[in-house]
Amino acid sequence: MIDRQTVERIKAAANIVDVVSEFVTLRKSGANFKGLCPFHNERTPSFFVSPARGTCHCFGCGKGGTPVSFIMEHEQMTYPEALRWLARKYNIEIQERELTDEERREQSERESMFIVNEWAAKYFADNLHSHPDGQAIGMQYFRSRGFRDDIIEKFQLGFSLNDRLALAKTAVKQGYKEEFLEKTGICYKNDRGQMIDRYAGRVIFPWIGVSGKVVGFGGRKLDAATKGVVQKYVNSPDSDIYHKDHELYGIFQAKRAITKEDCVYMVEGYTDVISMHQCGIENVVANSGTALSVHQIHILHRFTSNIVLLYDGDAAGIHAALRGTDMLLAEGMNLKVMLLPDGDDPDSFARKHTAEDFRNYIEAHQTDFIQFKTDLLLRNERDPLKRSEAISSIIESISMVPNPVLRDAYLHDCAQRVGIKESTLVNQLNTFVRNRRASNQQSSPLSQEPTTTSQAAANAALLRAQQADNKVESLLAKLILQRGDELLLMDVEGETEKTHDYTVAEYVKGNLQADNLTLTNPLYQRIIDEAAAESAKPDFRSEQYFLNHEDINISQLAMQLTTEHYQLQTTAQQPATEDPEEQQRQLKAQRAKLLAEVDHLLLDFRKEYVDRRLKELMDDIRQPGLDDVTKRQKLAEYQQMQTIKNAIAQQLGNNLGV
């Protein structure tokens with residue numbers, strides 16, 4: 001782990017213009033610099049770099065940040081990796097925290113496993129290019145798939161010799177330990193204690209993780225008689241550095257293209273990925289026959305929210321398209337599906353078309369998932385019971401969509417397609433949403449337990465999606481970012497001369513905590529929590545703290561909010577007088593004004609909360625079949641919420657209690 005002092009040295013040394021210039025041609029524009037955005041295609045420069053703030057920002061796509069977050073986004077690195085990149089650039093020696101013996105052992109083992117994997121990848125590649133069997137068998141297979149030399153090198157393809165003992169003997173001879181050959185799964189021991197090459201006689205597809213390290217291998221069995229018609233794969237077993245449901249084949253080669261295109265194509269197999277790259281479409285990955293996992297979706301969500309499932313149009317392809325799709329929807333991914341013509345898979349289709357033709361075909365034939373599922377399940381279905389089950393399945397999928405506007409659009413479209421009243425479908429959708437919410441959190445008026453990131457994927461995605469929907473919450477977060485470290489003028493026990501200093505962050509945190517309220521967006525809530533905790537430090541400056549945050553999601557959000565033009569002052573005005581008493585009076589007036597602004601914003605937040613709760617209660621009360629006891633409880637709570645709403649409206653000075 002990099003020690004804090006070294007981290008601060010790296011951040012202090014990193015010059016934003018210097019760093020961005022490594023990747024973008026910049027031109028002076030007043031006090032700033034500008035250039036073409038490296039994160040999306042554009043013809044007119046909208047990417048601005050501010051030396052004064054030490055940040056960059058694209059007014060087209062919204063991406064940017066500090067030197068650290070820029071490198072994280074552009075090079076798709078983790079926070080520590082980006083710090084090490086900058087440290088190398090500025091020749092800063094990194095001082096690592098002293099590890100415990102257990103940490104040192106685990107780190108050493110992991111590093112040794114990565115080193116062995118890197119060696120094995122080179123060994124397999126050398127066999128393919130240099131060994132007679134590799135050229136005659138392995139290379140012939142790749143040539144039969146039409147793979148060019150540059151593509152073979154790009155994906156580090158290789159070949160494992162038929163001699164099952166050769167790999168281990170070569171590795172040991174070159175100083176690599178059998179222990180790590182076995183732990184990575186490259187080899188296994190037979191009954192006689194011999195180290196056996198797991199991939200002997202196969203062509204090799206290395207799995208390369210997001211950071212560029214080889215984490216595992218896939219080996220395709222080749223038949224010696226027919227030279228490559230038997231399709232049988234062997235993959236690395238789970239290990240400390242490889243879990244198949246955590247990895248995506250081709251992610252390292254695709255990550256920049258995914259970010260640039262703001263879309264990822266999901267296919268099934270290795271050759272699908274490679275053929276599409278060779279065709280010119282690089283924003284593609286494969287899950288290699290396994291059901292999508294939350295881990296894989298989270299990897300993709302780092303780069304884009306848009307995914308298109310590309311499968312062949314047979315029964316197996318349709319089944320693959322249906323697997324894990326509710327999870328994709330729940331995680332906030334914008335999902336589309338495209339089935340290729342019968343007889344084609346992405347591999348064969350890519351080999352017959354140019355990248356432009358392929359993209360045009362996808363654009364013309366892709367469909368949103370709800371339409372796909374509706375057409376699939378209800379086509380020519382006449383049995384009422386089966387239609388009911390199918391419609392229920394479709395509505396459950398729609399209920400997973402966290403964006404309420406998109407969810408309503410899907411529901412409206414579905415109602416028209418299936419010929420059922422939209423209100424009926426709304427009731428069914430609300431049932432799914434309530435059941436899921438009930439299983440994930442307890443609900444009570446103005447005493448809701450704080451939402452945690454360990455809750456179910458659907459609930460977490462719902463919270464994330466509300467970032468774009470809740471203006472008051474975004475204003476609160478912006479207030480904390482820009483003025484969270486400023487002091488407020490507080491009265492104690494009603495005596496105006498007695499004051500206690502609270503920062504804006506401490507006041508907002510305490511005010512919400514008094515009613516057990518939390519923001520629906522977890523990133524906004526983190527900003528409030530951390531700012532309140534850090535406020536005790538005399539050198540805490542809220543905006544710089546969050547712009548330089550080690551969590552790229554936080555730093556990017558801080559950049560986005562502080563760049564937007566809301567009507568909140570970014571800094572307190574300095575008293576325009578030299579008289580100490582007048583300065584003190586003006587300072588108190590500024591703090592009192594700031595307190596009034598904060599209180600008004602908190603009241604707006606409470607009003608939104610109460611309005612939202614009133615709507616939920618009315619939906620519950622209108623549910624058919626609701627028992628009398630529950631209905632009375634809901635009505636009582638509704639009246640309580642209405643009373644609270646009237647009180648808030650009176651405080652806001654608006655007649656909203658009607």
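A few remarks follow.
- FRET efficiency for Glu422 and Asp599, using Cβ-Cβ distance with R0 set to 56 Å, rounded to 0.05: 0.85
- FRET efficiency for Gln584 and Arg4, using Cβ-Cβ distance with R0 set to 45 Å, rounded to 0.05: 0.75
- The overall shape of segment 283-415 is oblate: from the C-alpha gyration tensor, with semi-axes ordered a ≥ b ≥ c, the ratio a/c is 1.5 or greater and a/b is no larger than b/c.
- Inter-site label distance for Val629 and Lys471 at 7 Å from Cα along Cβ, in nm: 4.4
- Going by accessible surface with a 1.4 Å probe and the largest first, Ile186, Ile318, Ile115 read Ile115, Ile318, Ile186.
- Straight-line reach from Lys352: taking Cα to Cα under 24 Å and skipping same-chain neighbours fewer than 8 places apart, the lysines in range are Lys154, Lys227, Lys336.
- Of the residues Val433, Val7, the one with the largest accessible area comes first in the ranking Val433, Val7, computed with a 1.4 Å probe on protein heavy atoms.
- Cα centre as origin, Lys/Arg/Asp/Glu Cβ charges: segment 42-200 dipole, Debye: 460
- Mean separation of Cα contacts under 8 Å, 6 or more apart, over the residue count of segment 172-225: relative contact order %: 22
- Calculated FRET value between Phe59 and Thr354, using beta carbons and R₀ = 30 Å, to 0.05: 0.35
- Gyration tensor verdict on segment 176-305 (Cα atoms; rounded if a/c is under 1.5, prolate if a/b is larger than b/c, oblate otherwise): oblate
- Shape category assigned to segment 85-213 from the gyration tensor of Cα positions, a/c cut at 1.5: oblate
- 26 Å Cα-Cα threshold exceeded, pairs from Lys173/Lys213; Lys213/Lys260; Lys122/Lys221; Lys89/Lys537: Lys89/Lys537
- Backbone N within segment 146-187 under 19 Å of label point (7 Å from Lys221 Cα along the Cβ vector): 159-165, 186-187
- Placing +1 on the Cβ of every Lys and Arg and -1 on the Cβ of every Asp and Glu, with nothing else charged, gives segment 120-196 a dipole about its Cα centre of roughly 80 debye.
- In this Cβ point-charge picture (+1 for Lys and Arg, -1 for Asp and Glu), segment 164-270 has a dipole of about 480 debye about its Cα centre.
- Straight-distance crosslink candidates among lysines, where the alpha carbon sits under 22 Å from Lys615 and sequence neighbours closer than 8 are dropped: Lys421, Lys471, Lys607, Lys631, Lys634, Lys645
- Computed label-point distance, nm, for sites Ala536 and Asn435 using a 7 Å Cα→Cβ extension: 4.6
- Solvent-accessible ranking of Trp85, Trp207, largest area first, probe 1.4 Å: Trp85, Trp207
- The heavy atoms of Tyr90 offer some 50 square angstrom of accessible surface to a 1.4 angstrom probe.
- Residue separation of Tyr188 and Lys386 scaled by 0.36 nm, minus their Cα-Cα distance, works out to 66.3 nm of gained length.
- Accessible-area value, Met338, 1.4 Å probe, nucleic acids and ligands omitted, Å²: 0
- Of the GluC sites (Glu not before Pro) in segment 162-204, not one is in a loop by DSSP (not H, G, I, E or B) with at most 12 other beta carbons within 10 Å.
The values are calculated or read from the model by the stated rules, or taken from the named source; none is laboratory data. Nothing here was measured: the structure is a model prediction, and the numbers come from that model. As a convention, Cβ positions derive from the backbone with ideal geometry for all residues, glycine included, and neighbour counts pool all protein chains shown. We work out accessible area using only protein heavy atoms, side chains counted, and drop any ligands, DNA or RNA first. Shrake-Rupley method; radii C 1.70, N 1.55, O 1.52, S 1.80 Å.
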